[in-house]
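This report refers to the structure that appears directly beneath it.
Values in this text are rule-based calculations from the coordinates and carry no lab data. Keep in mind it's a predicted model, so treat the numbers as computed, not measured. So basically every Cβ, Gly included, is an ideal-geometry build from the backbone, and we count neighbours across all protein chains shown.
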Amino acid sequence: MEPGPGLGQAPPSRPRRARRPRRAGLVAVRDRLRQRAGTLSQNIRTCGLRRTRYRGLRKTHVQHILTALACNVTRIVDWIATPTQKQRAPSHFHALCTATS
C-alpha cells in the first residue's frame, strides 16, 4: 500500500513574504498607538467614557458609538472654526517684479 497524500512527506513550502525594515515598522506602530491614545484620552476627558450610563452590552455599545460620533463632530467643528491664515504681504522682490510690469 502506498502512503496517502501528505503522509511521510514534508509540507509544501510557502513563498516568504517580503519583510519590511524593522525600524519603519516600529515607527508606524508607535504612530498608530499615539493616535489611538489621544483619541481615547479625549473621549475619556470630554465625554466620560470610563463609566457607562446603561447596563447591558448592547446599550453600552450604543453609548460608545454615540460618544465617538460626538467626538468626531467636536473635532470637525473645531477644524471649521480655526481661522484661516491671512495672506502674506508680498515680498520686496515680488513687489519689485510686479511694479515694473
With each label point set 7 Å from Cα along the Cα-Cβ vector, what nm distance links Ala81 and Arg34? 2.6
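Normalise the Cα radius of gyration of region 23-81 by 2.2 N^0.38 Å (N = residues in it) and let me know the number.
So region 23-81 has a normalised radius of gyration of 1.38.
First measure r as the distance between the Cβ atoms of His61 and Arg16, then evaluate 1/(1 + (r/R0)^6) with R0 = 35 Å and state the FRET efficiency to the nearest 0.05.
That gives a FRET efficiency of 0.30.
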